[in-house]
Amino acid sequence: MDLGAFSVSLSVKDLEASKKFYQTLGFKPFAGDGKRYLILKNGDAVIGLFQGLFDKNILTFNPGWDSNAQKKPAFTDVRDLQRQLKSAGVPIAVPADEATKGPGSFVVFDPDGNQILVDQHV
């Protein structure tokens, strides 16, 4: 199962302070509005900093994107991934609308309660 690009989405209290901290670890701003969220990269490692957008950290997968947020020529649609997980017995906490095409997302939780967001932008 190819889930696409991976990143860790961190819920932060102070976007600017978090940006400065991760820059000391070699991360560089890559995308985001700089006011409520910022995406940073260090090589192929990607983290998202999100202020006031959610309560806990999230593991994020982006079907259809490579690690540079560029559309991949071929990928498994988020709704197909959701169906595969459902058929494997994984409960879908927040489902994608299977009647739509293009961008969509769903949420599952691992056995320890960690949130996993599968978020397709293309």
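The values are calculated or read from the model by the stated rules, or taken from the named source; none is laboratory data. Owing to the predicted nature of the structure, the values given are computational and were not obtained by experimental measurement. Positions of Cβ are backbone-derived with ideal geometry, glycine not excepted, and every protein chain shown enters the neighbour counts. In case anyone asks, the SASA skips ligands and DNA or RNA and just uses the protein heavy atoms, side chains included. Shrake-Rupley method; radii C 1.70, N 1.55, O 1.52, S 1.80 Å.
Less than 29 Å apart at the alpha-carbon level, and either on another chain or at least 8 residues along: which lysines does that give for K19?
Of all the lysines, those that pass the test against K19 - Cα under 29 Å, at least 8 places apart if same chain - are K28, K35, K41, K56, K71, K72.
222 nm [θ] for the chain, helices only, -39500 (n - 2.57) per DSSP H run of 4+, per residue, to 500?
Numbers: 2 runs with 20 residues, N = 122.
Per the formula, -5000 deg cm²/dmol.
At a Förster distance of 25 Å, what's the computed FRET efficiency of K35 paired with M1, Cβ-Cβ distance as r, to 0.05? All intermediate terms of the calculation are to be shown ahead of the outcome.
Details: r = 35 Å, r/R0 = 1.39.
Computed FRET efficiency for K35 and M1: 0.10.
Per residue, how much accessible area does the chain show when a 1.4 Å probe rolls over the protein heavy atoms, in square angstrom?
Numbers: 7250 Å² over 122 residues.
Heavy-atom accessible area per residue stands at 59 Å².
Would you indicate which of [x] 28, 15, 13; [y] 26, 17, 12; [z] 83, 16, 12 is the value of semi-axes √(5λ) of the Cα gyration tensor in Å derived from the coordinates of this structure?
The listed entry that was calculated here is [y].
Calculate the dipole size of the chain relative to its Cα centre from +1 charges on Lys and Arg beta carbons and -1 charges on Asp and Glu beta carbons; express the result in debye to the nearest 20. Can you show the working numbers first?
Numbers: 14 positive and 14 negative charges, 69 e Å.
In total the dipole reaches around 320 debye.
Gaussian network model of the chain, Cα springs within a sub-10 Å range: biggest mean-square fluctuation belongs to which of V12, V94, V78?
V94
Select from K71, K28, K86 the residue whose mean-square fluctuation is largest in a Gaussian network model of the chain (Cα-Cα springs shorter than 10 Å).
K86
Which one of G64, A88, M1 is farthest out on the positive end of the charge dipole of the chain, using unit charges on Cβ (Lys, Arg +1; Asp, Glu -1) and the Cα centre as origin?
It is G64.
Towards the positive end of the charge dipole of the range 12-119, with charges on Cβ (+1 Lys, Arg; -1 Asp, Glu), say which of N114, N42, G104 has the farthest Cα.
It is N42.
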